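The values are calculated or read from the model by the stated rules, or taken from the named source; none is laboratory data. Model, not experiment: these values are computed from the prediction. All Cβ positions, glycine included, derive from the backbone under ideal geometry; neighbour counts span all protein chains shown.
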Amino acid sequence: MVEGMDAGRRAGAPSRGSRALMRGLTGGLAMLGALLLGSSSAGADERAPERVSVLGRKERVRVVAPDTGKSGEELARIDTGAVRSSIDTDLARELGLDLDDAEKVTVTSSLGREERPLVSVTLQIGDRSIRTRVTVNDRSHLSSPVLIGRHDLDGFLVDVTKTHLTRPAVDTSAPTSTTVDPGGLPRSLDPAPKGPAPALMSPR
């Protein structure tokens, strides 16, 4: 009777060849899973986001008037607290922008509430050209004739502890006109300040 039970168990148990085959299949599936995981990781690396550009609180920016082709390179304040970018009235007129027939918008800022012209320009910041609309107001009493607001800062990080991290790339897509500041030096040739940047924040 015992011999019959042992024989039944031996008949129902898998053979050594079957066990080896099962181990081989398990190892093959594990290797296939590892290959698929590696392929997925490589695809994720290929889809990694592009490098983000870093700006300081003050940067050289070129403003281009699309209708006239004139441009001026100016020191701009990078201000994530402002919604829309703004340029000085004198700069807008030097670029030939039509302020009389421009759309008017009401803006509330640290300077108060006022109505400003809204004009189309291209801002060249580093190696990027941004077609946008900016407001125009009197910035002659401020430290920078151009203010860049967060509306035009997509893809940038701002480090307020630094300045002059970029300069606008050379634009060969359209003829440009160099404007001259009151000191007689062409703005487009005005060199960036040398040495460490000042640590204090400037008022708007």
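Structure notes:
- Flag for Ala65 being at negative phi, in contact with a Pro (Cβ under 9 Å, 6 or more places away or on another chain), at pLDDT 95 or above and surrounded by 15 or more Cβ atoms within 10 Å (Cβ to Cβ): no
- Within region 66-80, tally of residues that are touching a helix residue (DSSP H, G or I) at 6+ places or on another chain (Cβ under 8 Å), more than 20 Å from Leu165 (Cα to Cα) and not in a strand (DSSP E or B): 1
- Cross-chain or 6+ apart pairs with Cβ under 9 Å, region 116-135 first and acidic (Asp, Glu), then assigned to a strand (DSSP E or B): Asp127/Ser53
- Within region 77-98, being closer than 13 Å to Ser140 by Cα and either among the aliphatic types (A, V, I, L, M) or surrounded by fewer than 20 Cβ atoms within 10 Å (Cβ to Cβ) (or both) holds for Ile87, Thr89, Asp90, Leu91, Ala92.
- Candidate set from region 46-62 (those that are of a type in the set (Asp, Glu) and not in a strand (DSSP E or B)); member that is modelled with the highest pLDDT: Glu50
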